[in-house]
Amino acid sequence: MSENPRWYTVVLKPQLADAEGHPEHGSPVREARVEATGDLGVSGYPRYAGSGVQADIDPATGVVEAITVDGDELPLGYVAQAREGDAAGGDSMVPGEYEFEAPRAPEDGKGEGAHPA
């Protein structure tokens, strides 16, 4: 039996559609490193938490089965993806290295950074 990863990087992206209506994911709006809590989530998969994100992640597939962001459900139209960390303990990235805040819209609601969240 293989050991579950100690951490993942969870990437939140808007789900967009191309001109033909095929789904495609936009650029990441937030990334968070989440670490194993040792508990199972409501979905029955291992729970990971960090940086305001709690996620139940299937270690066999890396699929995010359940997630909350800053205590709320993931907004409609967004997807969560997980990149696997390290099961043995030798971290390959510095904590917080890939975490960032979603861009904020200008006060007039137009221009670069404007995003209907």
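Mind listing whichever residues of segment 30-57 are without any contact (Cβ under 8 Å) to a residue 12 or more places away in the chain and basic (Lys, Arg)?
47
Pairs under 6 Å by beta carbon, first residue among the polar types (S, T, N, Q) in segment 1-29, partner assigned to a loop (DSSP other than H, G, I, E, B), six or more apart or different chains?
Close Cβ pairs satisfying both conditions: 4/59; 9/98; 15/77.
Filter segment 18-35 down to residues that are more than 19 Å from residue 85 (Cβ to Cβ) and in contact with a Leu (Cβ under 6 Å, 6 or more places away or on another chain) and give me whichever is surrounded by the most Cβ atoms within 10 Å (Cβ to Cβ).
29
So residue 38 passes all but one of these: (1) open to solvent by less than 20 Å² (accessible area, probe 1.4 Å); (2) of a type outside the set (Phe, Trp, Tyr); (3) on the phi > 0 side of the Ramachandran plot. Which condition number does it fail?
Result: residue 38 fails condition (1) only.
Residue 15: surrounded by 14 or more Cβ atoms within 10 Å (Cβ to Cβ), farther than 15 Å from residue 85 by Cβ and not charged (D, E, K, R), yes or no?
No, not satisfied.
For residues in segment 58-82 being free of Cβ contacts under 8 Å to residues at least 60 places away in the same chain and in a strand (DSSP E or B), which is surrounded by the most Cβ atoms within 10 Å (Cβ to Cβ)?
Ranking the candidates gives 64 first.
Would you tally the residues in segment 14-29 being at pLDDT 90 or above and in contact with a Lys or Arg (Cβ under 9 Å, 6 or more places away or on another chain)?
Counting residues in segment 14-29 that are at pLDDT 90 or above and in contact with a Lys or Arg (Cβ under 9 Å, 6 or more places away or on another chain) gives 2.
Residues of segment 27-57 being under 28 Å from residue 17 (Cα atoms) and in a strand (DSSP E or B), which ones?
Of everything in segment 27-57, those that are under 28 Å from residue 17 (Cα atoms) and in a strand (DSSP E or B) turn out to be 30, 31, 32, 33, 53, 54, 55, 56, 57.
How many residues, within segment 41-54, are open to solvent by 60 Å² or more (accessible area, probe 1.4 Å) and either within 18 Å of residue 84 (Cβ to Cβ) or modelled with pLDDT under 90 (or both)?
2
The values are calculated or read from the model by the stated rules, or taken from the named source; none is laboratory data. Just so we're clear, the structure is a prediction, and the values are computed from it rather than from any experiment. Virtual Cβ from ideal backbone geometry, glycine too; neighbours counted across all protein chains shown. For accessibility, only protein heavy atoms count, side chains too; no ligands or nucleic acids. Shrake-Rupley method; radii C 1.70, N 1.55, O 1.52, S 1.80 Å.
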